[in-house]
Each structure stands twice: as structure tokens, then as C-alpha cells.
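This report concerns only the one structure given below.
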Amino acid sequence: MAAALTVDEANQLLRNGTPLNGNAFPIMGTIARLAVDGESETEARDLLIRVLDRREDLSAGEQELLDSLVVRTGLYPYAAPERLSTAEQIAFEFHKPEPLEAEEFVFHSMQREVYERLINGQSLLLSAPTSFGKSVITDALVASEKWNTIAIVVPTLALIDETRRRLARFSDRYKINTFPNQARDVRTLFIMTQERLLEVEPFPEFDLFIIDEFYKLDSDTDPERAGLLNIAWDRLRRTGAQFYLTGPNISNLSESLPEALRESLVVTDFRTVAVDLVEVPQKPTERERVLSVCEGIDGQTLIYCRTPARVREVGRWLLEAHGGGVSSATSPQVATGLVAASWVAENYDPEWTAGRCLAAGIGLHHARIPRALQHHTVRLFNLGALKYLICTSTLIEGVNTAAENVLVVDSVLNRRALDYFTFSNIRGRAGRMFRHFVGKVYLFAGSPQPEQTTIDIPIASQSPRASAATLIQLPDEELSDAARARIEPYVNQDDLDLETIKANRGLDPERQLALARTLRSNVRYWNQRLAWTGYPTFDQTVAVSSLMLDHLVPSQQKGRVTDRSLAARLNAVRRSEGSIPQLVEEQVRFSPSRDEAVEDVLFFNRNWMGHIFPRSLMAIDRIQQEIFQELGLPVGSYAFYASEVERLFLPPFIVTLEEFGLPIPVSLKLRSFGLAADSLDEMLRRLKVVAANPRVSEVLDIFEREMLDEVVAGLGPR
């Protein structure tokens, strides 16, 4: 065998495309040397993955040696078992998790280690790279049927949908709940965000809970959401359940956390794909830089941008480069993209950039795109119908794609420079196990310096980073002296009962007290405007909107919304009966462009009506009921109206099906076939029945039928 190369020499040969003829054995000699050195296994795996990417260039003897190195470095899923020795085959079989035996799945060595510790009853916090395969460990845990009641807490609704679809193959063993009011079974799997989980009553006695992206427990990430996630963590811990927390790029847990918790942290850099970082040369304009990269690369490409407006701008650059319209390719996948574009034009707006881009093989993904359309855009990208997927941070937290390349066009997130942690998350989107051994990340502004990431769980440490809204949920006897002193002003006051403050979970107690004092300062005035039930009048909606905007909604969320505009837009949505084109026509005169008008409508429906308004309204409901009841005045009741707003004034569960991937316009079409029910579980059963009706295809176009079939397939066998 030729002499082994240095690591730099081996890397250079593999990265610059030099033919492996005559070089394969020296490169693998280098890998073997690194694998023997326990501290160099990461380098060994990286080189080995690059050789795997060019496996077809190897001779039979070289491939046999390659498979031995695959086993030696723990990359068992990449091994060809027929070329392994008897001892290697035994090791290979050992890495097949028994619960997934029917699927012939094989763990890599670190997955097996983590799984063994969990299945034997240990609780773990796992920090591992994006390509590690953390979710398949979850799959094996569920498939083992060791635990009856499991919670999986994810940070976004998109991840609820992705996780539910992935685990739907176990729906004959577990009932899968993604909403708080669904019925339970002997075995129930709760897949929810922290907000939804906290609404489950009575709170289940969980046997196992899993928190995905657990770094979001730290209040530096998203203070409001972190507070609710901390409260969920505390409630879950009190059940005594075993836990498995996962996330990427975490170095340490805060020293202020209990030692037992810190000792449960497992940190690994085990990767199953390699990544190349490429500095993009300067050009006269950003447009030229983006287009020059896109013209010079093959493969599915994810493009990260800082805002939805920037996503549209980059989308238009690529659209113009394609001649402003339809892709010239003729594959069935591209045809699907064209049909999707036509459907978007009809059901949203013909001039909307997101729809026009689909026709050219370009997908846009950000928080103002409807959830079902987001899902199907990613699906089309993974199918190869779209070459480009331009996104904001909506795709850097756990949603899996088939991207081989990632362009980091902007080095900003939420008006702050990308830190190393966030950059690592974006970088982790390049490459995909079994699809792309080597991913490429194209940098337009360099990369941040590596840094250690230490995570705190404020409700457990009771550190100064814990918000008052979080600490107030803890029993008094568990509070430290410092924490007790911080919440003392909210405990010892007469404006609002402590239980009311606690019921408004996650809301700043100071904001709640300010609202209560406003009501008490002119109680007759406010009672006349707030003591309503059912549907409020316009003036009553304005009054309650003014309170939430003045006291409950953070300034960064308000934007240009006023109390009167909020009331007017709620009424407009009610009149529209689900028609987005109608709302766009009404919004155009208030927006600088038609694109802005479409996305303003979609953002209002999703964020204000789906979250901000109903949550704030119910907080006001609890506060006004306490104060007016105490003073012997008539009280209001807002639960009905909050529910109506949250479902966009549409029939029950139509908006809910959007989360399952069925767009509202399609669900409304299916109403005439009996798509209606009194519960979500019944609605999902009805959906399967309706989908099986042959007459349905007469009213749905090709893309709508495709979406319906894909949604039903994602519900699983149960």
C-alpha cells in the first residue's frame, strides 16, 4: 500500500476533484491512522464521508477496505454488509435498533450509545449536529412501546406537522394528538408546541417527554416563548417522567443549574455529512453575486435571507434570470410546480411573487406564507420540482430538506449579526444523509468566529434571566430568597388576584397589573364597553383592542396596527368567508405593493387572528371578569369570540386542517361532500372518507387532488 498522506494532502485531493486512481489507498491509510487516534475520529469521519461521495470510483478491493473503515469509525448506516467480515457483520447487526427491525434501519455508533442509555431509563440532554439523526432515536423510542404517554415538545407548528407525519406510521399503536382538546387513549403521543401543551387539561402523567431544540429554554433566544417553554419544562419535570432533550451546537449547561442536570448533558460532534465553506467573490452588486453562484452550481439549493421582503427580492432576481416566467424544463416534477403556481395565482393573487416563482422552479418560504403552502413548497423542493428554496429563519430549526447547497446571502437575523450558534444551524442544512454526502455552504459575508454556547434553564436555576412571569408559576416554598423578592410586588398587591396572573401564563405580570389599574381607574366607563358576550359591536372591539395594544402587545409586534384598524380588519375577514383575493383587494390601497398587500393579509390572518388577538383577548377576559365581579357589575365572556377569531370565522376545523397540509380553499370545497364534524378526531376520519369519494376529483384540480392525497397519507393507518 502506498504511504499514507497528511490530513491536509488527503483533504486537498478529495476537495479539488482529483481522480482517486492511485490515491484511494493513501487517503484511506490516512483515515485509518486518524481512526486509531481516539482524538481524531471527527477528522477521520469527515475524510471518509468525502470518499463515500466518490465510492463509484473505487475498485472492489478499495470498496472492501472502505467498508471496514466505515465500521471502524461508527458510520454503520453507510456500510455494505455483504462486504464485511464476520466480526464486522455482527457489529453491523448490533446497530440495528430492535423496534425498527422491520424498517431495516441501522444506527451509527453514537446513536446506538444514546439510544441504549435512554431505553435503559436514563434521562439525557443531547447536543449533536444537524446531520446526527436525533429524530430517529425518538422514532425508535416510540416504536419500543416502553412508554404509554409521551410528550414531544417542538418550537414551531411546522415541526408539529413534520414530526406527526414522521411518527404517523406508529398511529396503529399510539393515538397522536396535536391539539389540547383531542381525546386520549391508553397509549397517547402528544406532539405540541409549549403553548398547546400547557393548555392540555387535566395535565397528563407523562412517562417520557422529549423537547426538541431545547436551547430555546434559554431566555436569550426568544424571551416570551422561552418563558412558556420553561413553564412547560417545570410542569413536565413534576410528573417524574424520563426526559430526552435534543438540540444542536450546545457546549455547556449553566453552572447555576443542578449538578445532576448538568451531568445528563451529552455533547458530540458526530456528523454523517461533510460540509465545504465557500467564500463568494465580490461583484458590483449583490444581485450579480447571487446569480453568479446559482448559475455555477448544480443540485437543490437553499438560500437564506434576513426578511420576507429580502426573500421576495432574491426570488425576483432568479425569476428575471429565468426570463421572468415558466421553467423551460419538461419533467413531471416541473409540471407539478407549474400546476402549483397556477393554483396559487387563483387562490391568493396572480401577481404574488411567491406564485410566479413556483412556475420557474423557485420556492419561497417565510412566516407570511400560509402553513399548508409552506409544507407543499418544501415537498416540491424535496421532490426536485423546485431547484431553489429561498427562506428566512423559518427553515433553520429542524425542518428537513433535500438541500445540497446553502447560500447565506444575509448575515443578519432579527436585525442582529448572525452568531456562531445560528450560523451553525444554517450551515447544518447543507447535505443530507444518503442523498448528499458533501454539502456546500456559500458565504456572502464570511462566517462568525467559533464560540462556546452555554444554555441556562432559568426556571430551574432561578437566575436573574428568569422572567417574573416564569418565577410566579413556582410554588413559594421552592423559590430562592432572590426570586421571592423579585415577584413580591406582584404577590402583595390588591389590583389583581395572583391566580388570575398565573392563569395568563407567560404574560408579564407588570403589564397585567397596569391593565387592571386602568380598568379600576374608570370602572363604569370600561364596564359599559367590556361587559359583552357573543360577537362584540365595532365600538366594543375597538375598546378591547385599545387595551391589548396599550398593555399586552409588545411594541415590536404592533407595527402599524391601531385599535380601529384592528377592529376593521377583523370585520373584513368575517365578511370575506375565507376569500384571500377579496381581502387582498381591500388591502391594496393601504400597501406599497401588491406583494405587500397579499402578505399583509396572510400575516394578519396567521399572527394576529391565529395567536396575538385571541391570546390577549382571553387575558383581558380573565382580568375584567375578576374586577367587575368583585364590584358587583355585569361581566363579559369572550371565549366564544376568541374561538371565532382564531378560526377566521370559518366552520370548525377548517383552519386546523391547514396545519395538516390542506389549504383552506380546498377544505371549503370539500364541505359539500360532508367534510364537517364536532371534534378534530372526527374531522380527520371524515377527511379520509371524503378523500375516498370518486366524485371529489371532479371538483378538485390536479394540484388540489395531490395535496389531499398527501395529507391523507400523512395521517397514518389509524
Does the stretch 426-443 hold any residues that are under 19 Å from the mean Cα position of the chain (by Cα) and surrounded by fewer than 21 Cβ atoms within 10 Å (Cβ to Cβ), and which are they? Arg432
Among the residues of the stretch 627-667, write down those that are open to solvent by 40 Å² or more (accessible area, probe 1.4 Å), over 30 Å from Glu704 (Cβ atoms) and not β-branched (Val, Ile, Thr). Gln629, Glu630, Leu631, Gly632, Pro634, Ser637, Ala639, Phe640
Of everything in the stretch 93-103, what is within 33 Å of the chain's Cα centre (by Cα) and of a type outside the set (Gly, Ala, Ser)? Give them in sequence order. Phe94, His95, Lys96, Pro97, Glu98, Pro99, Leu100, Glu101, Glu103
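Inside the stretch 1-29, can you point out the residues that are closer than 18 Å to Asp276 by Cβ, part of a helix (DSSP H, G or I) and open to solvent by less than 60 Å² (accessible area, probe 1.4 Å)?
Val7, Ala10, Asn11, Leu13, Leu14, Ile27 - these are the residues of the stretch 1-29 that are closer than 18 Å to Asp276 by Cβ, part of a helix (DSSP H, G or I) and open to solvent by less than 60 Å² (accessible area, probe 1.4 Å).
Report whether or not Gln493 is in contact (Cβ under 8 Å) with a residue 12 or more places away in the chain and more than 28 Å from Asn252 (Cα to Cα).
yes
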Select from the stretch 168-188 the residues that are free of Cβ contacts under 8 Å to residues at least 40 places away in the same chain and of a type outside the set (Asp, Glu) and write down the one among them that is nearest to His375 (Cα to Cα). Asn177
In the stretch 418-425, is there at least one residue being over 18 Å from Asp269 (Cβ atoms) and over 21 Å from the mean Cα position of the chain (by Cα)? no
How many of the residues in the stretch 208-255 are touching a strand residue (DSSP E or B) at 6+ places or on another chain (Cβ under 6 Å) and open to solvent by 60 Å² or more (accessible area, probe 1.4 Å)? 1
What single numbered condition from (1) part of a helix (DSSP H, G or I); (2) more than 15 Å from Phe613 (Cβ to Cβ) fails to hold for Asp550? (2)
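Looking at the stretch 144-156 only, could you name the residues that are under 23 Å from the mean Cα position of the chain (by Cα) and either over 17 Å from Asp212 (Cβ atoms) or buried (at least 21 other Cβ atoms within 10 Å of the Cβ) (or both)?
Passing the criteria: Thr149, Ile150, Ala151, Ile152, Val153, Val154, Pro155.
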Only one of (1) of a type outside the set (S, T, N, Q); (2) at pLDDT 95 or above; (3) in a loop (DSSP other than H, G, I, E, B) fails for Pro155. Which number is that? (2)
Among what's in the stretch 54-63 and is part of a loop (DSSP other than H, G, I, E, B) and under 19 Å from Leu5 (Cα atoms), pick the residue that is least open to solvent (accessible area, probe 1.4 Å). Leu58
Taking Ala619 as the residue in question, decide whether it is small (Gly, Ala, Ser) and without any contact (Cβ under 8 Å) to a residue 24 or more places away in the chain. no
The condition of being surrounded by fewer than 20 Cβ atoms within 10 Å (Cβ to Cβ), without any contact (Cβ under 8 Å) to a residue 24 or more places away in the chain and not aliphatic (A, V, I, L, M) holds, among Thr454, Thr500, Thr533, Thr537, only for Thr537
Among the numbered criteria (1) of a type outside the set (Asp, Glu); (2) over 18 Å from Asn405 (Cβ atoms); (3) open to solvent by less than 70 Å² (accessible area, probe 1.4 Å); (4) free of Cβ contacts under 8 Å to residues at least 24 places away in the same chain, which one does Arg310 miss? (4)
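Taking the stretch 185-207 on its own, how many of its residues are β-branched (Val, Ile, Thr) and either open to solvent by 60 Å² or more (accessible area, probe 1.4 Å) or farther than 18 Å from Thr246 by Cα (or both)?
Counting residues in the stretch 185-207 that are β-branched (Val, Ile, Thr) and either open to solvent by 60 Å² or more (accessible area, probe 1.4 Å) or farther than 18 Å from Thr246 by Cα (or both) gives 3.
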Residues (under 24 Å from Arg356 (Cα atoms), part of a helix (DSSP H, G or I) and open to solvent by less than 10 Å² (accessible area, probe 1.4 Å)) located in the stretch 375-425: His376, Thr377, Leu380, Phe381, Leu395
Looking at the stretch 24-43, I want the residues that are of a type in the set (S, T, N, Q) and have a partner that is surrounded by fewer than 18 Cβ atoms within 10 Å (Cβ to Cβ) with Cβ atoms under 6 Å, at least 6 apart or on another chain. Which pairs are those? Thr42/Asp269
Among the listed residues Val544, Val598, Val588, identify the single one that is assigned to a helix (DSSP H, G or I), open to solvent by less than 20 Å² (accessible area, probe 1.4 Å) and closer than 30 Å to Ala345 by Cβ. Val598
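The values are calculated or read from the model by the stated rules, or taken from the named source; none is laboratory data. It should be emphasised that the depicted structure is a prediction, and the values quoted were computed from it without experimental measurement. Because the Cβ atoms are built from the backbone with ideal geometry, glycine has one as well, and the counts that use them run over all protein chains shown. In case anyone asks, the SASA skips ligands and DNA or RNA and just uses the protein heavy atoms, side chains included. Shrake-Rupley method; radii C 1.70, N 1.55, O 1.52, S 1.80 Å.
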